[in-house]
Amino acid sequence: MQKQTNYNMTTRKVALITGITGQDGSYLSEFLLEKGYDVHGVIRRSSVDFRPRIAHLEGKPHFHLHYADLSDSMSVLGVIGLVRPTEIYNLAAQSHVQVSFDSPEYTADVDAVGVLRILEAVRQLGLTSSCRIYQASTSELYGKVEEVPQNENTPFHPYSPYAVAKQYGYWIVKEYRDAYNMFACNGILFNHESERRGETFVTRKITLAAARIKQGKQDKLYLGNLSSRRDWGYAKDYVQCMWLILQNEKPDDFVIATGKQHTVREFATLAFHNVGIELEWQGEGADEKGIDKATGKTLVEVSPDFYRPTDVVNLWGDPTKARAELGWNPTQTTFEELVKIMVDSDMKKVAADDAAARVRVNLEEYLEKGIVK
Ligand code: NAP
Ligand code: F7E
């Protein structure tokens, strides 16, 4: 029997963001604060009390942090009961695909059961009709792809412990939507990057290395599968879509992508070009090398250490539905602009780190010589 739907849109604007310290959480916080939301974020206890991506927001009015962990249902229930949010953005995850092969059980606990813990807390607290939920689903669900490009109807074929866990998250969101009339949605986001991207994801690893090599701080960059293809967008553009999905009339699932695809090799070529180094590729497979055309030096090599037991190699999204139904523009920031933003930021970062290191060395020297006390 079809149940009657009654989704309230209240005037309170209270967002709870899990994963607030991550790349997307930080951009989404800025976006929602601009829109006049009270933003509450979930943080985990860490031995280091510094959260670089949100440090500039801490202490601001309307920005609040709470300790909880997606692997701890009591803490999840506690924070949702305390905040009583009108929107939850579940961005928390063990988000590194390669790491999910090393920590598969933890990945499943957080990325799969963690989603259930949030849904069940909302239900048990009686917030089903007042709280909308966004789940950070992923293009990794398409995995060993069964068609290109991928849209909302493409069959899933998850191909890593991360993707299998996220598949549970995707389906449990749909299940709670149907079973309890919850406004719960999946954003199936393709890879999105930025100057705040974690340093071990391939794009950031490349832009940081290009900047370090240019400034003489690193000799070589080692990568895995250079032929892997991704649909890369800009994270700042993608968080807008998370919000749009929750402002829609009805709960639904959307592919968020640019509709354009590039290889890891192409990303590296463009990143090095942006620091003034032209790469020429020679060889194949594990013997392939990226050589500086001007000097003949090998700057990029393949290391099988970065090969994955199963790799997803052909992701390419079709954002037609998001464009038509949400009015979202998938190409606000082009691929070329994205690479430039990341490279320019890393060039500054590497130079600033170097300046800070020089100050430290000088200070140590001065202290040693008794110049400053
Ligand atoms: P990210 O930078 O790796 O951030 C992950 C966040 O999750 C961090 O704030 C982390 O906290 C938090 N977290 C991890 N385990 C947790 C736990 N047990 N309890 C509470 N918080 C926990 O990831 P992102 O790139 O911003 O991605 C955001 C979400 O979108 C993730 O769910 C990811 O799987 C998904 N996604 C990302 C992409 C992409 O291309 N970026 C594409 C599709 C989907 P700490 O800082 O304490 O570690
Ligand atoms: O790998 C290849 C690697 O780690 C991209 C997460 O945000 O997006 C991300 O997952 C490709 C893969 O991202 C290296 O084999 C080559 O084919 O940057 P990545 P990912 O695995 O696509 C999805 C949508 C998410 O949901 C995830 O949370 O690049 N690759 N050489 C390499 N990858 C890495 N990390 N390091 C290398 O040296």
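The values are calculated or read from the model by the stated rules, or taken from the named source; none is laboratory data. Predicted model only: the values in this text are computed from it and were never measured. In this analysis, Cβ positions are derived from the backbone assuming ideal geometry, glycine residues included, and neighbour counts consider all displayed protein chains. Heavy atoms of the whole protein, side chains included, go into the accessibility calculation; ligands, DNA and RNA do not. Shrake-Rupley method; radii C 1.70, N 1.55, O 1.52, S 1.80 Å.
When the P(r) of the range 158-207 is calculated, the portion above 12 Å amounts to 71% of the C-alpha pairs.
Ligands, DNA and RNA aside, Ile277 has an accessible area near 20 Å² when probed at 1.4 Å. Relative contact order for the range 113-235: 25 percent, from Cα pairs under 8 Å spaced at least 6 residues apart, divided by residue count.
Estimated at 0.36 nm per residue, the fully extended path between Lys260 and Glu146 surpasses their Cα-Cα distance by 39.3 nm. Within a straight-line Cα-Cα reach of under 17 Å, Lys217 can be paired with the following lysines, leaving aside sequence neighbours fewer than 8 residues apart in one chain: Lys205, Lys297, Lys348, Lys349. For the chain, a simple Cβ point-charge model (Lys and Arg +1, Asp and Glu -1, everything else neutral) yields a dipole of about 940 debye relative to the Cα centre. In the distance distribution for the range 135-292, Cα-Cα pairs more than 26 Å apart total 38 percent. Between Met347, Met182, Met242, the residue with the greatest mean-square fluctuation in the GNM of the chain (Cα pairs under 10 Å linked by springs) is Met347. The sum of -39500 (n - 2.57) across all DSSP H runs of n ≥ 4, divided by the residue count of the chain, sets its helix-only mean residue ellipticity at 222 nm to -12000 deg cm²/dmol. Taking the DSSP bridge list for the chain and keeping only pairs wholly inside it, about 20 percent are antiparallel. For a modelled paramagnetic label at His157, 7 Å from Cα along Cα-to-Cβ, the residues of the range 273-311 in reach, with backbone nitrogen under 17 Å, are 309-311. Dimensions of the range 1-118 based on its C-alpha atoms, expressed as ranges along the principal axes with the largest first, amount to 47, 44, 24 Å. The largest accessible area among Arg132, Arg123 belongs to the first residue in Arg123, Arg132, and the rest follow in falling order (1.4 Å probe, all chains). Report note on the peptides 48-55, 33-40, 167-174: ranked by the mean count of other C-beta atoms within 10 Å, highest first, their order is 167-174, 33-40, 48-55. Protection proxy ranking, highest mean first, for peptides 258-271, 109-122, 323-336: 109-122, 258-271, 323-336, where packing is the per-residue count of other beta-carbon atoms within 10 Å, averaged. Using R0 = 35 Å, the C-beta based FRET efficiency linking Glu301 and Arg323 works out to 0.30. Averaged per residue, the chain has 47 square angstrom of accessible surface, using a 1.4 angstrom probe with ligands and nucleic acids left out. The length gained by stretching the chain between Gln282 and Leu82 to full extension, at 0.36 nm per residue less their Cα-Cα distance, is 66.2 nm. Between Arg45 and Leu125, the modelled label-to-label distance comes to 2.1 nm, taking each label 7 Å out from Cα in the direction of the beta carbon. Taking the accessible area of the chain, probe 1.4 Å, and keeping the other protein chains in place, the carbon and sulfur fraction comes to 51%. Look at the alpha carbon pairs under 8 Å that are at least 6 residues apart: their mean separation over the length of the range 211-349 gives a relative contact order of 36 percent.
Between Asp353 and Asn248, the FRET efficiency estimated from the beta carbon spacing at R0 = 30 angstrom works out to 0.10. The relative contact order of the chain, computed from alpha carbon pairs under 8 Å that lie at least 6 residues apart in sequence, is 16 percent.
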